[in-house]
Each structure stands twice: as structure tokens, then as C-alpha cells.
Amino acid sequence: MIEFQNTMNLIYLVILMIFVGVELISHVPSVLHTPLMSGANAIHGVVLIGAIIVMGFVDPHDYLSLTMGSIAVFVGTLNVIGGFVVTDRMLEMFKKKPKGGNQ
């Protein structure tokens, strides 16, 4: 019964985090979006390194765990790279364009 209660507490915590996250993100001004996204990409990079370290401790004969971990690392890598690409594109919008006819 105690384990069920712990599971329910975790589910309630995740639901609360979803509501708080949506509320916080909806009030972020667009000027702060790029720095926040860049910081989030750095955090994802740390999580990705942690996932790679955890994969090092998996039993070499546990093919399911190796497959799922490899997929997770691949998708996490795409997330980090995509986030930095989007951040770079957003920062390009703030650069001043040269004046004059030579481009």
C-alpha cells in the first residue's frame, strides 16, 4: 500500500509540474526566450552525458536496455542540436544588416 501511495504522489507531482511549467512559460517575454532556450539546451547536454554514462553500466547482453538507451541518446542528441540551431536562427534576427547596396 505504501508503494502505491508513493506512485500516486509522484503522479500528482508530475501533474503539478506540468501546470506550473505551462504557467511560467506562458508569461516569459519574447526577449527572454532565446537566453532561456540556450540555457535549456545546456541542461539537455548534461542530461545527455548522464544518459551515456548510465549506458556504460548496462549489461552487454541486455539488448532491450541497450536498444532503448541508444534510441534515447540519439533522440536527446537531436534535441540538443535542434535547440542550438533554433537559438542560432533566433539570434540572427537581432544582428544588424549592413547598410548600402553591397551585400
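Solvent-accessible area of the stretch 9-88 (1.4 angstrom probe, protein heavy atoms only): carbon and sulfur portion equals 81 percent. The angle between the Cα long axis of helix 30-55 and the longest principal axis of the Cα atoms of the chain comes to about 40 degrees, rounded to the nearest 10.
Per-residue ellipticity at 222 nm, computed for the chain from helices alone with -39500 (n - 2.57) per DSSP H run of at least four residues, works out to -28000 deg cm²/dmol.
Once the convex hull of all Cα atoms in the stretch 6-48 is built, its volume per residue stands at 66 Å³. For the chain, the orientation-averaged shadow of the C-alpha convex hull comes to 10.9 nm² (one quarter of the hull surface). On a 0 to 90° scale, report how tilted helix 63-92 is relative to the longest principal axis of the chain, with both axes built from alpha carbons and the result rounded to the nearest 10. Its long axis makes an angle of about 20 degrees. Computed on protein heavy atoms with a 1.4 Å probe, the accessible areas place Phe4, Phe57 in the order Phe57, Phe4, largest first.
Axis of helix 2-26 versus longest Cα principal axis of the chain: the two differ by about 10°, to the nearest ten degrees.
Looking at the chain, the accessible area is 86 square angstrom per residue; that uses a 1.4 Å probe and ignores ligands, DNA and RNA.
The values are calculated or read from the model by the stated rules, or taken from the named source; none is laboratory data. Bear in mind the structure is a predicted one, so any value in this text is a computation, not a measurement. Just the protein is used for accessible areas: all its heavy atoms, side chains included, with ligands, DNA and RNA removed. Shrake-Rupley method; radii C 1.70, N 1.55, O 1.52, S 1.80 Å.
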